[in-house]
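What follows is one structure encoded as structure tokens, with my remarks underneath.
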Amino acid sequence: MQALPYNEGTNGRMIVTRPGAPAHPAMERELMHREFERELEIIKEAVLTMAGLVEKSLDDANRAMTSRDSGLARSVIEADETIDRYEVEIDQLASAFIVRHQPAAGDLRFILVAIKMGPELERIGDHAVNIARRVLDLNEQPLLKPLIDLPRMINLARAMVSDAVAAFVARDSRAAREVIGRDDEVDQLYLQLFRELVSFMIEDPHTITRAIDLLFVARFAERIADQATNISEEVVYLVEGVPIRHQPFEGDQSGGEGPE
């Protein structure tokens, strides 16, 4: 006589399953849990892939500026379409997950934060594109000044993005708060560059076009740091369950003021 198929239950006992018979409740729960975790992992991987593309765009835009490589700047602009598609995909995956599994507590917050991260990463990608477009303009003109603080500013903002995404994956609110604290350094660099470039324009009106292009690049970098801060604030909410947006950060020395 042919042996009936069996599966191991959660308590170690063998559960006999007859052909055509309904699945055992314990088996159903286990299968549902595996599907739940698998879909969570797919969403997480989509966020990580999108973040990786955004970070590459930032790196390429920065390198295009420092090396005056217009071809590389154009590749950043062309790559933006893929980043946009990932934003849509994350939103669709996360929305379908909520409908299918109706998650609660920490898992629901994870999905909600993933949905919010899509637009934040997409905006960062847009800023990389904006930098690349300014680079194309700058490359048509003589260099106004040595590019030292501006590439550093972009690198600082890019590192904030990377660390904010890592904090999301690890569900590490301490690391997220550390990223938030670094926004002040980027703000201070922006103020320094703003004053320096304004002085160039005052002293020599012929520098106005180039100085304005560099000011825009600095502003885009400052906005990228703001977006990384937004992501980090969502990570704190994910882990601690407490929204901290629109609350002054204890380490902020800027008072929220500066040139817009």
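This model, with +1 at the C-beta of Lys and Arg and -1 at the C-beta of Asp and Glu, gives the chain a dipole about its Cα centre of some 700 debye. What fraction, in whole percent, of alpha-carbon pairs in region 61-212 exceed 26 Å separation? Percentage above 26 Å: 41. Which percent of the accessible area of the chain is formed by carbon and sulfur heavy atoms (probe 1.4 angstrom)? It is 52 percent, rounded to a whole number. The smallest convex shape that holds all Cα atoms of the chain, its convex hull, gives 156 Å³ per residue.
For the chain, the residue among ILE131, ILE42, GLY181 whose Cα projects farthest onto the positive side of the dipole built from Cβ charges is ILE42.
For the chain, averaging the sequence separation of C-alpha pairs within contact (under 8 Å, six or more residues apart) and dividing by the residue count gives a relative contact order of 20 percent. Here is what passes the span test in the chain: the DSSP H helices with alpha carbon length of 24 Å or more along the helix axis and a Kyte-Doolittle mean of -1.0 or above are 25-67, 70-101, 105-138, 149-170, 183-203, 208-240.
Scoring 114-123, 62-71, 214-223 by mean Cβ neighbours within 10 Å over their residues and listing the highest first yields 214-223, 114-123, 62-71. The length gained by stretching the chain between ASN155 and GLU35 to full extension, at 0.36 nm per residue less their Cα-Cα distance, is 39.3 nm.
Just so you know, the averaged projected area of the alpha carbon convex hull for region 196-248 sits at 4.5 nm². Using the 1.4 Å probe convention, the accessible area of the chain works out to 54 Å² per residue with neighbouring protein chains retained.
Annotation: aspartates and glutamates with alpha-carbon distance below 18 angstrom to LYS145 (same-chain offsets under eight excluded): ASP69, ASP137, GLU196, GLU203, ASP204, ASP213.
The values are calculated or read from the model by the stated rules, or taken from the named source; none is laboratory data. Remember, predicted model here, so these are calculated numbers, not experimental data. Every residue, glycine among them, receives a Cβ derived from its backbone with ideal geometry; neighbour counts consider all protein chains shown. Just the protein is used for accessible areas: all its heavy atoms, side chains included, with ligands, DNA and RNA removed. Shrake-Rupley method; radii C 1.70, N 1.55, O 1.52, S 1.80 Å.
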